[in-house]
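The next block holds one structure in the form of structure tokens; read it before the comments.
The values are calculated or read from the model by the stated rules, or taken from the named source; none is laboratory data. Quick caveat: nothing in here was measured; it's all calculated off a predicted structure. Because the Cβ atoms are built from the backbone with ideal geometry, glycine has one as well, and the counts that use them run over all protein chains shown. In case anyone asks, the SASA skips ligands and DNA or RNA and just uses the protein heavy atoms, side chains included. Shrake-Rupley method; radii C 1.70, N 1.55, O 1.52, S 1.80 Å.
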Amino acid sequence: MEGRRAYGFSAAMSGTFLVSCLLFAAISRHQRGPYMDEAFHVPQAQAYCHGRFLQWDPMITTLPGLYLVSVGAVKPAAWLFGWTGSVVCSVGMLRFINLLFSAGNFYLLYLLQFKIHQKNKAVSDFQRILSTLTLAMFPTLYFFTFLYYTDPGSVFFTLFAYLMCLYGNHKTSALLGFCGFMFRQTNIVWTVFCAGNVVAEKLNEAWKTKLQKKKDGKISSRKGSFSDLFRILQFLVEYLTSAKNLVTLTALTWPYIILVTVFFVFVFINGGIVVGDRSSHEACLHFPQLFYFLSFTVFFSFPHLLTPTKIREFLLSLRKHPVQYSLIAAISLFLIWKFTYVHKYLLADNRHYTFYVWRKVFQRHELVKYVLVPAYIFAGWSFTDTLKSKSIFWILMFFVCLLAVTVPQKLLEFRYFILPFLIYRLNIPFPSLYRQFLELTFYIVVNAVTFYLFLNRTFQWPNSDEMQRFMW
């Protein structure tokens with residue numbers, strides 16, 4: 001980095017880490033023992049710390065990446081600093097691993113924004129740093145920085161894999177993708193996303209060449225009507241059924257192909273994607289999850305998506321294409337009618353925000369889930385509209401990955417939305433400084449409320465002496 005930019009970035013990262021350390025101390029002081037899923041993760045990591053690598057808690061559903069990294073970090077540190085006894089692999093020590101991951105995520109978010117928007121010379125260094133700070137404070141991710149969960153590490157390796165992919169280091173990207181897979185199996189989708197970036201780039205080049213040959217200016221490679229989309233899909237079929245093109249794409253993406261093959265071998269041997277307790281993590285076609293994700297994205301990106309200009313443009317589009325929107329509305333209503341699932345955890349666990357969202361909104365009346373369809377359509381339109389700077393092939397590839405990572409999930413869980421949200425947010429054009437400040441302020445307020453509730457608004461269940469806390 002150069003001079004002033006390096007100082008600015010260092011100040012932002014150091015300041016964020018200092019604030020995180022203070023919050024970490026407060027949370028560790030109030031909640032000394034394992035909480036929620038930590039009750040499974042912490043003992044498992046401690047078993048690995050004592051060399052019992054064959055011991056496994058059947059309630060854990062993810063692979064042991066978090067525990068292996070934790071032992072690999074804590075054990076050398078314990079030897080170096082002479083730590084012994086209970087401090088080694090204690091709850092606080094294990095949680096601190098995620099604080100280190102959060103610092104890594106801050107750096108990766110900055111590098112990704114720099115790489116993705118490198119051609120935009122109008123973006124200042126201050127805007128890049130401010131945007132990085134905002135994403136590093138993204139509430140759903142930032143909260144789990146302070147607990148021993150898989151999310152910070154999962155995000156770290158996935159973002160690192162994406163960065164290496166953008167720089168063309170595909171073997172390194174696939175290796176990092178494997179690390180992400182070891183933290184959470186669904187991260188294999190983002191390995192496909194990395195491969196899709198390569199494929200989308202080649203498709204875009206071929207499409208532009210085809211348009212130049214035909215001298216057809218009526219359709220762009222970025223957006224168009226349904227007839228344009230049909231022509232693009234026709235082109236996709238022609239391109240991907242060519243043996244020569246398939247050989248070229250295979251040569252470019254073979255590291256990712258190997259990793260995806262390993263994934264399918266794992267699924268075959270394991271008898272499914274979930275390890276451990278499968279009864280509560282059954283896959284299904286839960287299409288409304290896409291609508292929940294779009295609503296979640298509008299909520300956390302309202303300075304960019306919920307603006308008067310966006311609303312006017314949406315209403316204009318609605319007036320121009322009533323038939324298409326009517327068809328989309330009909331399909332949405334059908335998907336909600338036939339494919340809405342309510343997980344038992346969603347109804348039973350009043351420690352999570354999703355419990356209150358479902359009870360206060362969706363359980364108000366049976367028709368509420370259908371009444372929200374216009375809002376979902378606006379959210380989908382606004383979401384797609386902010387990506388119009390990307391090629392149509394990138395957008396199609398991203399939506400395929402988005403569907404793959406959200407729809408099979410039966411449980412409405414905001415943590416599942418972290419990675420698709422970050423990848424989306426990284427790829428939209430830089431907003432004005434005013435909107436960036438508004439977004440950052442909103443994140444800080446949401447974080448402040450969340451930590452206040454977690455630390456100070458405790459409660460107890462009638463059949464338990466354990467103190468319960470609100471959380472994402």
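Quick check on segment 439-457: of everything there that is more than 22 Å from the chain's Cα centre (by Cα) and surrounded by 14 or more Cβ atoms within 10 Å (Cβ to Cβ), which residue is farthest from residue 25 (Cα to Cα)? So, considering only residues that are more than 22 Å from the chain's Cα centre (by Cα) and surrounded by 14 or more Cβ atoms within 10 Å (Cβ to Cβ), the one farthest from residue 25 (Cα to Cα) is 453.
Every residue in segment 146-177 that is part of a loop (DSSP other than H, G, I, E, B) and not β-branched (Val, Ile, Thr), please. Those that are part of a loop (DSSP other than H, G, I, E, B) and not β-branched (Val, Ile, Thr): 147, 148, 149, 167, 168, 169.
Listed by position, the helices (runs of 4 or more DSSP H) contained in segment 339-419 that have at least 1 residues being surrounded by fewer than 16 Cβ atoms within 10 Å (Cβ to Cβ) and polar (S, T, N, Q) are 373-385. From the list 204, 105, 187, the lone residue that is of a type in the set (S, T, N, Q), farther than 30 Å from residue 302 by Cα and assigned to a helix (DSSP H, G or I) is 204. For segment 420-438, the set of residues classified as part of a helix (DSSP H, G or I) and open to solvent by less than 10 Å² (accessible area, probe 1.4 Å) consists of 420, 421, 422, 423, 424, 425, 426, 427, 436, listed by residue number. Looking at segment 104-115, can you tell me whether even one residue there is under 21 Å from residue 24 (Cβ atoms), open to solvent by 50 Å² or more (accessible area, probe 1.4 Å) and hydrophobic (A, V, I, L, M, F, W, C)? The answer is no, given that none of the residues of segment 104-115 is under 21 Å from residue 24 (Cβ atoms), open to solvent by 50 Å² or more (accessible area, probe 1.4 Å) and hydrophobic (A, V, I, L, M, F, W, C). One residue stands out among those in segment 250-294 that are more than 26 Å from residue 161 (Cβ to Cβ) and hydrophobic (A, V, I, L, M, F, W, C): the one that is surrounded by the most Cβ atoms within 10 Å (Cβ to Cβ), which is 291.
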